[in-house]
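Structure first, then comments.
The values are calculated or read from the model by the stated rules, or taken from the named source; none is laboratory data. Because the structure is predicted, anything quoted here is derived from the model rather than measured. Please note: Cβ atoms are built from the backbone with ideal geometry, for glycine as well, and neighbour counts cover all protein chains shown.
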């Protein structure tokens, strides 16, 4: 099924991307992430995401793949209200033997 991305908006538009009716391919820059105040002591709000707005209930299937280069490289999906309130689910490269499925909830500017 094709998706109409004409109304989609970029959060941190990447330099390299491809969009078709059936896929979105994003090439990220180094050192991009979405993460807010936590015990790690850093804040990042510079990862690219293609956002689709909806007021309807919906479901979808997603298939992600990525080429990792270093520990903590990740890709995934985000539900985004603003830089202080969002949820992401991702797969993150840990080492050559395993990757980890993770999620982060950011509420009022604090990531868990």
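Quick look at the values:
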quantity: Members of the stretch 1-22 that are loosely packed, with under 11 Cβ neighbours inside 10 Å and part of a loop (DSSP other than H, G, I, E, B); calculated: 1, 2, 4, 15, 20, 21, 22
quantity: Unique match (being surrounded by 15 or more Cβ atoms within 10 Å (Cβ to Cβ) and either at pLDDT 90 or above or assigned to a strand (DSSP E or B) (or both)) among 93, 68; calculated: 93
quantity: Pair list, Cβ under 6 Å, 6 or more apart: the stretch 1-16 residue on the phi < 0 side of the Ramachandran plot and at pLDDT below 95, other residue surrounded by 10 or more Cβ atoms within 10 Å (Cβ to Cβ) and assigned to a loop (DSSP other than H, G, I, E, B); calculated: 8/52
quantity: Condition check for residue 50: without any contact (Cβ under 8 Å) to a residue 60 or more places away in the chain, touching a helix residue (DSSP H, G or I) at 6+ places or on another chain (Cβ under 9 Å) and either surrounded by 13 or more Cβ atoms within 10 Å (Cβ to Cβ) or closer than 23 Å to residue 98 by Cα (or both); calculated: yes
quantity: The lone exception for residue 30 - which of (1) assigned to a loop (DSSP other than H, G, I, E, B); (2) in contact with a strand residue (DSSP E or B) (Cβ under 7 Å, 6 or more places away or on another chain); (3) closer than 19 Å to residue 94 by Cα it fails; calculated: (2)
quantity: Flag if residue 39 is surrounded by 10 or more Cβ atoms within 10 Å (Cβ to Cβ), modelled with pLDDT under 90, assigned to a loop (DSSP other than H, G, I, E, B) and over 14 Å from the mean Cα position of the chain (by Cα); calculated: no
